[in-house]
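The values are calculated or read from the model by the stated rules, or taken from the named source; none is laboratory data. For clarity, every value in this text was computed on a predicted model and none was experimentally measured. Glycine also receives a Cβ, built like all others from the backbone with ideal geometry; neighbour counts cover every protein chain displayed. Ligands, DNA and RNA are stripped out before the accessible areas are found, and what is left, the full protein with its side chains, is counted by its heavy atoms. Shrake-Rupley method; radii C 1.70, N 1.55, O 1.52, S 1.80 Å.
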Amino acid sequence: MSLKQNNSISVVIPAHNEENNISKTLIALLNQNIKPKEVIVVDNHSTDHTLKIIQSFKEKFFKKKIKLKILSEPKIGVALARNKGFFSASSSIIASTDADTIPHSDWIEKIQNHFQKYDSIAVTGISIMIDSTPFIRLISQLNYYKYLTLLLRLIFGFQTITTANAAIKKSAFKDVKGFDTKYVSTNQLDDTELSSRLYKIGPIRVDTSIKTDGSFRRYQPFKRAVSSSLIRLKSFAYIAKNRQ
């Protein structure tokens, strides 16, 4: 395998009105130590300049010998957008991130290393909340997500992933028939619902060496954080109840 290019990894990014964020995500993917085979961005009915910004990166990706695929999902829904990208991926491993997330420079390399070392069908990393309060940023750096998901696994019986920082074997994704398109927003936990089905067919692991810088914007201000957290807890309980 080339030390510069990984032909087994595709990256999928859904994007809805992300003109202020998508450039940083794409630049981070261009600057990976080991390049992915392709980056698939799914424009999910953006009404701002998101699509134009993505298109402006075509030549940059071409020069790096990375295929940039720009797809459109006109119906708003995060699961719909993810499915459009995941099912079009040509690699055996599909990495997932968000349009407001910045993968660390060794992100693809660490994903590759994980699947070479373990028999996981999916892996999730950690996201460091760089635009949050110092306390939130600190606990994210201390791998709180690993311990949170361990607690949830003990309570509900399955390991969850975060699509802001995850990778899934394409064969497993196809086996469970992808994301459930009833899940429109991230607060409905489309990634948790997918995890509940993936966990039935193979191991899902947390790997804290796989890191991204994430955004805490969906939880600001405090009132929104409380509301979002309650919706997510309710969604998790619903998914766990209907998993049987």
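You will find that of Ser127, Ser96, Ser132, the residue that is modelled with pLDDT under 95, small (Gly, Ala, Ser) and buried (at least 21 other Cβ atoms within 10 Å of the Cβ) is Ser127 and no other. Only one entry of Lys170, Lys110 meets the criterion of being touching a strand residue (DSSP E or B) at 6+ places or on another chain (Cβ under 6 Å) and over 16 Å from Val12 (Cβ atoms), and that entry is Lys110. Condition test on Asn33, is it of a type outside the set (D, E, K, R) and either at pLDDT below 95 or open to solvent by less than 40 Å² (accessible area, probe 1.4 Å) (or both)? In short, no.
All conditions in (1) acidic (Asp, Glu); (2) under 17 Å from the mean Cα position of the chain (by Cα); (3) in a loop (DSSP other than H, G, I, E, B) hold for Glu38, with the sole exception of (3). Number of residues in region 135-155 that are open to solvent by less than 50 Å² (accessible area, probe 1.4 Å) and closer than 18 Å to Asp207 by Cβ equals 5. Residues Ser120, Ser90: which one is open to solvent by 30 Å² or more (accessible area, probe 1.4 Å), modelled with pLDDT of 95 or more and hydroxyl-bearing (Ser, Thr, Tyr)? After ruling out the rest, the residue left standing is Ser90. Tell me yes or no: at least one residue of region 133-147 is closer than 20 Å to Arg197 by Cβ, in contact (Cβ under 8 Å) with a residue 60 or more places away in the chain and of a type outside the set (Val, Ile, Thr). Within region 133-147 (the criterion being closer than 20 Å to Arg197 by Cβ, in contact (Cβ under 8 Å) with a residue 60 or more places away in the chain and of a type outside the set (Val, Ile, Thr)), the answer is no, since none of the residues qualifies.
When the residues of region 72-87 are narrowed to those that are open to solvent by less than 40 Å² (accessible area, probe 1.4 Å) and not in a helix (DSSP H, G or I), which ends up modelled with the lowest pLDDT? Filtering region 72-87 for residues that are open to solvent by less than 40 Å² (accessible area, probe 1.4 Å) and not in a helix (DSSP H, G or I), the one modelled with the lowest pLDDT comes out as Gly77.
Checking Phe173, Phe115, Phe158 one by one, the residue that is at pLDDT 95 or above, open to solvent by less than 10 Å² (accessible area, probe 1.4 Å) and either aromatic (Phe, Trp, Tyr) or part of a loop (DSSP other than H, G, I, E, B) (or both) is Phe173 and no other. Would you check which residues across region 176-205 are closer than 25 Å to Ser90 by Cα, aliphatic (A, V, I, L, M) and open to solvent by less than 30 Å² (accessible area, probe 1.4 Å) and list them? Within region 176-205, Val176, Leu194, Leu198, Ile204 qualify. The numbered conditions (1) more than 16 Å from Asp207 (Cβ to Cβ); (2) surrounded by 21 or more Cβ atoms within 10 Å (Cβ to Cβ); (3) in contact with an Asp or Glu (Cβ under 9 Å, 6 or more places away or on another chain) are all true for Lys67 except (2).
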